[in-house]
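The values are calculated or read from the model by the stated rules, or taken from the named source; none is laboratory data. Just so it is clear, the model here is predicted, and its values are computed rather than measured. Methodologically, a virtual Cβ is constructed for each residue, glycine included, from the backbone with ideal geometry; neighbour enumeration extends over all protein chains shown.
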Amino acid sequence: MIEIKDLHKSYKMGSNSLHVLKGINFKAEAGELVAIMGSSGSGKSTLLNILGMLDEADSGEYTLDGVPIKNLNETKAAKYRNKFLGFIFQSFNLINYKSALENVALPLYYQRIPRKERLAKSMKYLEMVGLKEWSHHLPNELSGGQKQRVAIARAMVGEPKVLLADELTGALDSTTSYEVMDLIQKINDQGNTILVVTHENDIAHMCKRIIHLKDGVIEKDEKVKQVRASQYV
Ligand code: ADP
Ligand code: MG
């Protein structure tokens, strides 16, 4: 599903340059649940943003579901992002003046799906995350965990090939984090490919594989026995 080879990325600031990714190689098959772990500043978000086509590497190869991702114009990049990828962020990134249902429906709006179909499909995904009764509420009427569930439904509604989550539990207390990870595990059980960036060891062990980033390279890439989040919720 995902293959990257010798990926490099530097940030330039004036005459200085910070080499963040120094040759990253890995493959993820369809259906994997992978944690990308590393301390703050280790380049996790940089890597995820490249995988999410929100940013471009300086060099190296990236293939997503057999498609080489390189030198895409913004129209094509946006089309691939819609088709292949769903994003989940630490800060939820919901639109405050839109209801939970309208937030979930947004990706379908950009795909020009007719309104009725959009809302019906979005309702289905809100139901999947357990928020059917909250569809008409605004984000500020929801708890942190509920907001993240709305964001997960929004990431799923376009039926992407891969879900990319950047510190999705970073703003949540531990019980709520485990509830959200329980949902992520259930989505992965359905066969979805998911990459979870985290600096938290317990969250990483709820995945099936952990890639450790350190000093710009993969220090360790290990299969782990998955800890089920349901035992904590
Ligand atoms: P992580 O997500 O693991 O905390 P990041 O990928 O956000 O790490 O950042 C890696 C390093 O790159 C950090 O030192 C950060 O300060 C730097 N960095 C990230 N984004 C930028 C940017 N847009 N411009 C300059 N430096 C950046
Ligand atoms: Mg980060």
Within segment 34-117, helices (runs of 4 or more DSSP H) holding 1 or more residues that are away from ligand 1 (no atom under 16 Å from the Cβ), small (Gly, Ala, Ser) and on the phi < 0 side of the Ramachandran plot: 74-84, 100-110
Evaluation of residue 167 against (1) surrounded by 15 or more Cβ atoms within 10 Å (Cβ to Cβ); (2) away from ligand 1 (no atom under 16 Å from the Cβ); (3) on the phi > 0 side of the Ramachandran plot (one fails), failing number: (2)
Of the residues in segment 173-218, those that are surrounded by 13 or more Cβ atoms within 10 Å (Cβ to Cβ) and free of Cβ contacts under 8 Å to residues at least 12 places away in the same chain number 1
Is segment 46-57 home to any residue that is under 22 Å from residue 210 (Cβ atoms), hydroxyl-bearing (Ser, Thr, Tyr) and at pLDDT 95 or above? yes
Residue 183, sole failed condition from (1) of a type outside the set (Phe, Trp, Tyr); (2) within 15 Å of ligand 1 (Cβ to nearest atom); (3) at negative phi: (2)
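Could you list, in sequence order, the residues of segment 199-222 that are under 11 Å from residue 34 (Cβ atoms) and in a strand (DSSP E or B)?
209, 210, 211, 221, 222
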Is at least one residue of segment 41-54 surrounded by fewer than 19 Cβ atoms within 10 Å (Cβ to Cβ), of a type outside the set (Gly, Ala, Ser) and away from ligand 2 (no atom under 12 Å from the Cβ)? yes
